[in-house]
Amino acid sequence: MSMLRPTWIEIDLTAITYNVSLVRKRIGPDVQLFAVVKSHGFGCGPALAARAALAGGADALAVGDAGDAEDIRAAGIEAPILLYASTTPDVAAQVAALNVIVTIHDVESLQAFANQATPVEAFMKAEVGLGRLGVLEEDWQTVFDTARASNSLNLTGIYTHLNAPDDPDWIKEQIVVFDRACAAAESQGFKNLTQMVASSHVVLGYEELCYNAVNPGRFLFGLVEGKWAEIDIAKPVMSSIKSRVIQTKMFAPGDIVGFLGPKPLSRSTRLAILPIGFGDGFNHLPPLGEALVKGQRVPILARRGIEHTVIDVTEVPDVKVGSEAVFLGSQGNESIGPDELAAWVGLPVLELLPRLARTLPKIYLE
């Protein structure tokens, strides 16, 4: 392997395929599986992630950025794509041209897509309690009336995102509202709609809420945490983060190393510099945690630079320019897992790993 900047994240696309297959086993063959590959495929690349998900048994895809849908279509992938609400009404024509299932999340988006000259398939997102995006109950009838009267808008589904999966009672209250939306649609003549509320946590914890479609995302990328990660064991997709030493430097007792502070060193200290920093998505200020070098844990020192990290390799023999350091993953008998790394950085795994995957050079494992 030769890289101009010897820093990279390793992406295991086969893990996406495996994780999708786990969901398929949970939900059975008759429930549609919309694999969520939003945020540039959680940093892994939307088209590559989409292809891996479809190989695992996904029926369709879901994204939160029209640009991701463009990338997937440009790769020749023809599977249905649900575009979550993410655009303004003035670009409805361009969105409709992407051949995606659009989201009706309010009256403005409804009118914009209903007025298109070409057919548009749409799901209505119902507001049931999350409070972020979704058609309010008072406007459901307007959606049904407009869709029925439109020559272009084809309403084929209703979905929502549930709030607080840790609170079963609150989930039940939200489901009452969702069921009311589905019943209202059916009473207005909209039969056989796709009905979907089950993102990753709901798929794992509420089997009865799979309806006829589910849309997991974080589970497919091995990004669930806590008790949810114990229900079904997903493989990590962002499997390793590595860099190589570009310099080592020895300091004697009494030397002052500026970025470590004004206090003289109390012992001989050997430092190694790695070309990876907070510009790649890590944190700037301590605590910075540890890295693995030659199979041993070593501390990360001082403040992290925008493009450099300094480690103390005094206790590790034979470290030289080109030696590999691991920030996530295994080396020898040691390993650093996602939870440990996220705790050092002070961010949830769901936030940290996709950020690093999006910014770091990627190596895709076979």
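Values in this text are rule-based calculations from the coordinates and carry no lab data. Just so it is clear, the structure is predicted and the values come from calculations on it, not from any experiment. With ideal geometry, Cβ positions are generated from the backbone for all residues, glycine too; neighbour counts draw on all protein chains shown.
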**Karplus 3J(HN,Hα) series, Hz, for the stretch 236-250 with 6.51 cos²θ - 1.76 cosθ + 1.60 (x for Gly, Pro)** = x, 8, 7, 8, 8, 10, 9, 8, 10, 5, 10, 6, 10, 8, 9
**Computed label-point distance, nm, for sites Glu366 and Ala117 using a 7 Å Cα→Cβ extension** = 5.0 nm
**Beta bridge orientation in the chain: antiparallel %, DSSP, nearest 5** = 50 percent
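Taking N as the number of residues in the stretch 252-366, what value does Rg over Cα atoms divided by 2.2 N^0.38 Å take?
Values: Rg = 14.7 Å, N = 115, 2.2 N^0.38 = 13.4 Å.
The stretch 252-366 yields a ratio of 1.10.
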**Among Ile306, Phe282, Ala183 the positive-end extreme of the charge dipole of the chain (Cβ point charges)** = Ile306
**Request:** Find the relative contact order for the chain and round it to a whole percent, using C-alpha pairs within less than 8 Å whose residues are 6+ positions apart.
**Result:** 18 percent
**Gaussian network model of the chain, springs between alpha carbon atoms under 10 Å - residue of Asn151, Asn283, Asn99 with greatest fluctuation** = Asn151
**Complete:** Placing each pseudo-label 7 Å from Cα in the direction of the beta carbon, Glu208 and Asp339 end up separated by a distance in nanometres of 2.9 nm
**Asked** Taking the chain as a Gaussian network, where each spring joins two C-alpha atoms under 10 Å apart, which residue of Gly43, Gly346, Gly64 fluctuates the most?
**Response** Gly346
**Fill in**
Full extension between His284 and Glu225 adds, at 0.36 nm per residue less the Cα distance, a length in nm of 18.8 nm
**Fill in**
Per the charge dipole of the stretch 238-364 (beta-carbon charges, Lys/Arg positive, Asp/Glu negative, Cα centre), the residue among Ser330, Pro348, Leu265 reaching farthest to the positive end is Leu265
**Prompt:** Over the stretch 1-93, one equal point on each Cα, no solvent: what is log10 I(q)/I(0) by the Debye formula at q = 0.11, 0.13, 0.17 Å⁻¹?
**Reply:** -0.36, -0.49, -0.75
**Message:** Tell me the relative contact order for the stretch 1-123 as a rounded percent, counting alpha carbon contacts under 8 Å between residues six or more apart.
**Reply:** 18 percent
**Request:** Return, ordered by residue number, the residues of the stretch 15-42 whose backbone nitrogen is under 17 Å from a label point located 7 Å along Cα→Cβ of Leu133.
**Result:** 34-42
**Request:** Filter the trypsin sites (Lys or Arg not before Pro) in the stretch 130-215 down to the DSSP loop ones having no more than 14 other Cβ atoms within 10 Å, then list what survives.
**Result:** Arg132, Lys191
**Asked** Taking the simple approach of a point 7 Å from Cα along Cα-to-Cβ for both Ala149 and Asp90, what is their distance in nm?
**Response** 2.6 nm
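Taking a 25 Å limit on the Cα-Cα distance, which of the listed pairs Lys25/Lys125; Lys227/Lys362; Lys227/Lys294; Lys25/Lys362; Lys125/Lys362; Lys25/Lys227 fall beyond it?
With Cα atoms farther than 25 Å apart: Lys25/Lys125; Lys227/Lys362; Lys227/Lys294; Lys25/Lys362; Lys125/Lys362.
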**Request:** Please label the shape of the stretch 52-136 as rounded, prolate or oblate, based on the square roots a ≥ b ≥ c of the eigenvalues of the alpha-carbon gyration tensor (a/c under 1.5 means rounded; beyond that, a/b larger than b/c means prolate, else oblate).
**Result:** oblate
**Fill in**
Distance in Å, no decimals, from the C-alpha centre of the stretch 291-330 to the one of the stretch 199-247 is 28 Å
**Item:** Top of Phe251, Phe123, Phe221 by mean-square fluctuation, Gaussian network on the chain, Cα under 10 Å
**Value:** Phe251
**Asked** Helix-derived [θ] at 222 nm for the chain: sum -39500 (n - 2.57) over DSSP H runs of at least 4, divide by residue count, nearest 500?
**Response** -8500 deg cm²/dmol
**Fill in**
Residue span Val176 to Asp318: 0.36 nm per residue of separation minus Cα-Cα distance leaves a gain in nm of 44.7 nm
**Request:** Work out, in µm²/s and without decimals, the Stokes-Einstein translational diffusion coefficient of the chain at 20 °C, 1.002 mPa s, Rh from Kirkwood over C-alpha pairs.
**Result:** 95 µm²/s
**Request:** Would you please give the FRET efficiency between Arg267 and Asp166, computed as 1/(1 + (r/R0)^6) with r the Cβ-Cβ distance and R0 = 45 Å, to the nearest 0.05?
**Result:** 0.40
